[in-house]
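Heads up: the structure comes next, in structure tokens.
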Amino acid sequence: MPLSNDEEKILAQIEAGIRKSDPNLAQQVEQSTVYRYSGRRIALSIFGIIALLATIVFTFSGDFWIVSFVAFGIMVLVGISLVEHMVKIGKAGVDDAMKQAQKINPSTPWRGRHDL
């Protein structure tokens, strides 16, 4: 649902106020994207899964088998986070592709997921 003219004006005023009061925050918000944020999270998740898998392998056969089970539980949670961020990047990519298709041919009956 698109914003009304009043809402767009209010949003522009808020944005101008933030740019005046804290230009560093405004620049940081402009540069942050779903791709950058989720990309970092995906990289950290993959590193975490590898480290936890190594922990499981080295502790399971010894006297520290409880550590293996805890590491496995944490690995499952990290895997869930990995999948969530991959889905976010996928949705953002589909949304970008739909916007690009609408720019190329505005009469195409593309519908966003908000129009369904």
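Nothing in this text is a laboratory measurement; each read-out follows from the coordinates by a stated rule. Keep in mind it's a predicted model, so treat the numbers as computed, not measured. Heads up, the Cβs are rebuilt from the backbone with ideal geometry, glycines too, and the neighbour counts pull from every protein chain shown.
Filter the GluC sites (Glu not before Pro) in the range 1-80 to those in DSSP coil with at most 10 other Cβ atoms within 10 Å of their Cβ, and list the result.
On the way: sites: E7, E8, E15, E30; in loops: none.
Hits after loop and neighbour filter: nothing returned.
Gain in length, F64 to I46, computed as 0.36 nm per residue apart minus the alpha-carbon separation, to one decimal in nm?
4.1 nm
What angle do you read, to the nearest 10 degrees and between 0 and 90, between the alpha-carbon axis of helix 5-21 and the longest principal axis of the chain?
Approximately 60 degrees, to the nearest ten.
Any chance you could run the full-extension gain for L25 through K91? It's 0.36 nm times the residue separation minus the Cα-Cα distance, nm to one decimal.
Additional length available on full extension: 21.2 nm.
Could you work out the helix-only [θ] at 222 nm for the chain, with each DSSP H run of four or more residues adding -39,500 (n - 2.57) and the total divided by the number of residues, to the nearest 500 deg cm²/dmol?
Calculated from helices alone, the mean residue ellipticity at 222 nm is -28000 deg cm²/dmol.
Multiply the residue gap between K103 and L11 by 0.36 nm, knock off their C-alpha separation, and tell me the result in nm, one decimal place.
30.7 nm
Could you name the lysines whose alpha carbon sits less than 20 Å from that of K103, not counting residues in the same chain fewer than 8 places away?
Partners within reach: K91.
In 10 Å bins starting at zero, report the fraction of Cα pairs in the chain per bin as a rounded %.
Result returned by the calculation: 12, 22, 26, 21, 12, 7, 1.
If we sort 71-77, 61-67, 93-99 on the protection proxy, mean other Cβ atoms within 10 Å, highest first, what's the order?
For the peptides 71-77, 61-67, 93-99, the packing ranking is 71-77, 93-99, 61-67.
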